Amino acid sequence: MGSTNDLTHGLDDIVIVGGGLAGLFCALKLAPCPVTVISAAPLGEGASSAWAQAGIAAAVGEGDTPESHAADTVAVGGGIVDEAVALGLAREAGARIHDLLQYGVPFDRDLEGKLAVGREAAHSARRIVHVRGDMAGKAIIAALTEAVRQTPSIRVIEGYVAETLLTDHGRVSGLQVRNAADATATPVTIAARAVVLATGGIGHLYAVTTNPPEASGLGLALAARAGAIVADPEFIQFHPTAIMVGRDPAPLATEALRGEGVTLINAKGERFMLALNPLAELAPRDIVARGVFAEIAAGRGAFLDATAALGAKFAEKFPTVYASCRAAGIDPATQPIPVAPAAHYHMGGIAVDPRGRTSIDGLWAGGEVSSTGAHGANRLASNSLLEAVVYAARIAEDINGITSASPAPSIGEQPVPRNYAMPPLTEANLRNMMSSHVGVIRDGERLAEAIRSFASIEQNTGNIALRNMATTALLVATAAWSRQESRGAHYRSDYPDENPLLAKRTMTTLAEARKIAAAISQGKPANTLSLSA
């Protein structure tokens, strides 16, 4: 069927929102069942997965096992990884890599023709499959986009953004979409039996991010406003080495660089990670991000130094990073690369079961917009692309085999706290507040200030896109405020230690977030509200 922007027909049986890895893979797995893919940007261009440099984690190397992969995932996740989910993910990895090969993804191979595997932080074995070193995401999306365009059963609608999820008696009934290029255009309603949200993450809610503008938390907001349960929204991974050359989004210096021996230094040339963790540069990302953040905050700066480990081989081994540096006038073969932490990946999202089902009948979610329990409080490197393809395949299988699911109970809307004394937020102000108040290091006072601001804009703005951003920001900030401990990527300077009583996932709703915002605006003591079980 190919690409078309014709929305003038009746019921769409299955609609997928999002043109990244999860959405495209799910559409292909649903073939020959007719499916419509809605993408605000041209396929792949607005997808974070297309920017993923490192690759996909899979225990396909000699001597490696899914059990070892799952154990590494659990070890990094801060005590709240669902171990059964992690093991299932690892065990399906090989089959999904085979699928991608069948779709034409040119994974790197060794001299014997076997899949070449690399190692990244906190992995106990070399198990990352790459494409030309740092081009995995781009190559995967290019191959899947071509496959989708050649599949007659897939209709692609580009240039439209989803604004509202429609429900009827607790069940999804369709979507409201609008032309992405015209905010004043009349919205169009698409009826559907099944909706799959594959809209990506929330990185663009932050002023410094590696994510494209489309990663603004849209899918999470759509589901939350419809009453869906949201899991672990406070857990956001900040990539420790975004290249600071004045670009938005910031280019990413892949973690694979550190896997090849590249070191982190400050302006004095000191390797500061050696004193912070035995694994130094290969410590979990949350530890490295806080280390980099601290050096910058202290005025010493932070840099990746590849001059000894790679030198003249840099351009050949990491062409994407090399090109980003050279465009900014930096030669990474001979000069250190300035870096800083940037919002990179959301471990939280719409709560889903092992089949990708949400708490709303007829709604599935896959990829970064979902929360499966696989990542816990801190994602293991290169597990994100794996999770996207594993759950996309499961969602397709579930939709193909389902006739009607039991309707989930509807979660009623509750009054939104109002604070008319606060000036309206712009998108830039919201992003700056997320970075300063809900970023790498957090505290209760600044979180409360952010919550009041986000609650105000969520209620009072007439801009639908900004309202959806504020909805997701409110969910993140209230969950971060409620988790009065430090765990994984969530760090509270006023609660710097883990609390064993809080070693559980967060399950919340927009209604609960609004209750917390109302309590804060009324000056209710923090200890009267607790983390959702």
Listing S153, S371, S39 by rising number of other beta-carbon atoms within 10 angstrom, fewest first, gives S153, S371, S39
With x for Gly and Pro, the residue-by-residue ³J(HN,Hα) of the stretch 172-186, computed from phi through the Karplus equation 6.51 cos²θ - 1.76 cosθ + 1.60 at θ = phi - 60° and given in whole Hz, is 4, 10, x, 9, 10, 10, 9, 4, 5, 8, 9, 5, 9, 5, 5
At q = 0.10, 0.12, 0.17 Å⁻¹, what base-10 log of I(q)/I(0) does the Debye formula yield for the stretch 79-172 when every alpha carbon is treated as an equal point scatterer in vacuo?
-> -0.46, -0.64, -0.99
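Fewest to most neighbouring Cβ within 10 Å: what's the order for C325, C26?
On the way: C325 25, C26 30.
Arranged by neighbour count, lowest to highest, C325, C26 become C325, C26.
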In vacuo Debye sum over C-alpha of the stretch 240-341, base-10 log of normalised intensity I(q)/I(0) at q = 0.21, 0.24 Å⁻¹, listed in q order, is -1.07, -1.39
Across all directions of projection, what mean area in square nanometres is found for the Cα convex hull of the stretch 427-528?
-> 6.3
How do K524, K317 rank when sorted from fewest to most other Cβ atoms within 10 Å of their own Cβ?
-> K524, K317
Computed over all unlike Cα pairs, the Kirkwood hydrodynamic radius of the stretch 454-504 in Å stands at 12.3
Could you tell me what fraction of 2.2 N^0.38 Å the Cα radius of gyration of the stretch 198-243 comes to, as a two-decimal ratio?
-> 1.24
For n ≥ 4 DSSP H runs only, could you compute -39500 (n - 2.57) per run for the chain, divide by its residues and tell me the 222 nm figure to the nearest 500?
-> -10000 deg cm²/dmol
Counting pairs of Cα atoms in the stretch 118-231, how many percent are more than 16 Å apart?
-> 74
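Would you kindly calculate the mean projected area, averaged across all directions, of the convex hull enclosing the Cα atoms of the chain, in square nanometres?
23.5
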Alpha-carbon spread of the stretch 37-118, three principal axes, descending order, Å | 38, 38, 19
For the stretch 200-273, what log10 I(q)/I(0) values come out of the Debye formula at q = 0.19 1/Å, with one point per alpha carbon and no solvent?
-> -0.89
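Values quoted throughout were computed directly from the atomic coordinates according to the rules given, and no laboratory measurement underlies them. Owing to the predicted nature of the structure, the values given are computational and were not obtained by experimental measurement. Cβ atoms come from the backbone with ideal geometry, glycine included; neighbour counts cover every protein chain shown.
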